[in-house]
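One structure is given below, encoded as structure tokens.
Taken together, the values in this text are just the output of simple stated rules run on the coordinates, not laboratory data. If you're wondering where the values come from, they're calculated on a predicted model, not measured in any experiment.
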Amino acid sequence: MGDRVTIVSKSRFNRAGINHPTQLVVGSSGKLSIGDNVGISGASIFCAENIAIGNNVLVGVNCNIFDTDFHAVDYLDRRQGRGTLTAPVVIEDDAWLCANVTVLKGVRIGARSVIAAGSVVTSDIPPDCLAGGVPCKVIRSLVPAHAGSIE
């Protein structure tokens, strides 16, 4: 865990609605890394394999980040406790997950991207964009028109 990480973990009601306690669950072979200057507010993070959260990331109220399906789809595999799929999740520097976002296994969210409230992220989101929806898709670029001319 990096420096200056803030994790809010108490039930309360505010302008964003009901904020539930934060849950950080790391399995026996899981690796959860959290960069510097990260803010997490009432999120649930379940790590069975690998979740990497970069620097200066904001995770809004009631977000879910999962690198696992928790259970196999096939009922016989579920009965036997096998077949659970996992894939790493990467949230790059300066990304912002607004309230009630769910990030599913195998996803990479690019640096400086913003994920709109209530989105379900099922595939990679490139850097520098606003994305939203169910499933989450790129809405527009966040690269300023003058970005290439700044020296």
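Residues whose amide H comes within less than 5 Å of that of ASP94, counting only those at least five positions distant or on another chain, are ASN55, ASN56, VAL57, ARG112 (H built at 1.01 Å from N in the peptide plane).
Suppose a student asked you for the relative contact order of the range 6-149, using Cα pairs under 8 Å spaced at least 6 residues apart; what percent would you report?
Values: 429 pairs, mean separation 21.6, N = 144.
Relative contact order, the range 6-149: 15 percent.
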